[in-house]
1. Can you find a residue that is over 22 Å from B:ALA139 (Cβ atoms), surrounded by fewer than 19 Cβ atoms within 10 Å (Cβ to Cβ) and out of contact with any Ser or Thr (no Cβ under 9 Å at 6 or more places or on another chain) anywhere in segment B:22-40?
2. Filter segment A:185-230 down to the residues that are within 14 Å of chain B (Cβ to nearest Cβ), among the basic types (Lys, Arg) and part of a helix (DSSP H, G or I) and list them by number.
3. Before we move on, is B:VAL103 under 13 Å from the mean Cα position of the chain (by Cα), within 14 Å of another protein chain (Cβ to nearest Cβ) and not small (Gly, Ala, Ser)?
4. Would you confirm, using the coordinates I've provided, whether B:SER92 is of a type in the set (Gly, Ala, Ser) and more than 12 Å from the chain's Cα centre (by Cα)?
5. Which of the residues that make up segment B:117-139 are within 21 Å of B:ARG6 (Cβ to Cβ) and free of Cβ contacts under 8 Å to residues at least 60 places away in the same chain?
6. If you scan segment B:53-69, which residues turn out to be in a strand (DSSP E or B), more than 18 Å from B:ILE36 (Cβ to Cβ) and at pLDDT 90 or above?
7. Return the total of residues in segment B:27-53 being within 13 Å of chain A (Cβ to nearest Cβ) and farther than 20 Å from B:TRP110 by Cβ.
8. Would you mind finding the one in B:ALA98, B:ALA131 that is part of a helix (DSSP H, G or I), crowded, with 20+ Cβ neighbours inside 10 Å and at pLDDT below 85?
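The values are calculated or read from the model by the stated rules, or taken from the named source; none is laboratory data. Quick caveat, the model's predicted, so the values are computed rather than measured. Ideal geometry is used to build each Cβ from the backbone, glycine not excepted, and the neighbour counts take in all protein chains shown.
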Amino acid sequence: MQRSGLRSKIYASVGAVGWISGSVGIILAACSKADPSHIPREWAGLAVIVAWLKNWSPVLAPALGGVAGVCALLRKQIGEPWVWSAIHEFLNNYRDYVFAAEASDPKDHHRVTLFRHVKWYQWPCIIRRTLDSHLMPVERSGHMTQRSDTVFRAPDDPSRTQGVAGQTWRVFQTVTINELPDLHADGSQANINEYARRTWNKPEWVRMRLQKNKQLARSFCGIPIRVKGKEWGLIIIDSRSSTAIQRNSNGVYDLMGRTLGKLLERI
Amino acid sequence: MSDWIRLNTEVLNPTREIDVAGVAVKVRLSPHDVPIAVRGRRDEQQGRFCIEFKYLDDEPSRIHSDQPEFRVWVGASSGRLCSIEIPLKSLSEDGKVALSVQVPGMIENWSRHLPETSSPRGIIAGESRRAAAGAIREASAMLAGSL
């Protein structure tokens, strides 16, 4: 999950490169029509520069135009910073509604995470060199546990889907799981096996997370999301409380989900 | 066209318990697959009554059934029920009966004749159509005003 500050800096940098490339490309294209012999003798230095640019403009102008185009595409992929801020705010508000009764708990004990379904040939799956599609976290509520690199397999072969996120994607229905074992209180093999079975993970993966003292929620809710009718990704609500998600998380989403959909159309 | 009638999605989208990859879990349709509002329009010129469904996200629609007695538009990507058109002469004069019994029955009858599929997406599409039929029943009293 890309840190929002880094994402904003990359977006701005790519934009600057695109603007500069495009502007220089336009100047070069204009220079291709210029005649250095018409430049006054007092500006002889400029005539040399214009002549040089005129020689190189057939190559550089289209190349810089291409760079500007690539930058524009990259910015579209990254998404405008204000859109990500609005999505983060949405997740915060949604989290506050769902866990209103747990308002005094630390924010990272009850989280709402937005996952995007990314095909193997799309960024950033392609750098993982895997032929499987994945569900990748792109934004999360709160101000902690933001640097998540936990992804879940969601390939075309349904038998290889992984985790609550993977199975929610597979059935594309809202899935709710409560009363999972508290592994931080009792990390016995029996509890690890039970937790792994009920969350569609391997026991080794669960044990690894427990050893790294990572959060192992006791209840989950996965809500699939469509954007313009197409399957886009999902929201995963996780909580250290075993029963908090039994309350109405769907009804609140019905009130707020249209806003999220409009924001996701922009990324 | 009447104003959008907001629906109670808790009623339209009940929780079920199913087995997912060997684990018993509670599921409901995605909130994106259940209509959140519905509205109706009487077209005297064409002699038809048109009902539209609103979802959490918008998408283009395509015609699915062009039978004169029952025209259906579904979402181009999702297959959700977007709108239906019924001839006025085939509806009961009692608007409430027409909308609480006849029209949902037409949707369910049309849905039954679609190719059966047990794939997850096929199941979702079937449940979504049932939710749409339920939406008309729920809003029948208010829709009857535009009939």
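1. Looking through segment B:22-40, at least one residue is over 22 Å from B:ALA139 (Cβ atoms), surrounded by fewer than 19 Cβ atoms within 10 Å (Cβ to Cβ) and out of contact with any Ser or Thr (no Cβ under 9 Å at 6 or more places or on another chain).
2. If the condition is that a residue be within 14 Å of chain B (Cβ to nearest Cβ), among the basic types (Lys, Arg) and part of a helix (DSSP H, G or I), then A:ARG197, A:ARG198 are the ones that fit.
3. no
4. yes
5. Passing the criteria: B:ARG129, B:ARG130, B:ALA133, B:ARG137.
6. Residues satisfying the conditions are B:ARG62, B:ILE63.
7. Going through segment B:27-53 one residue at a time, the tally reaches 7.
8. B:ALA98
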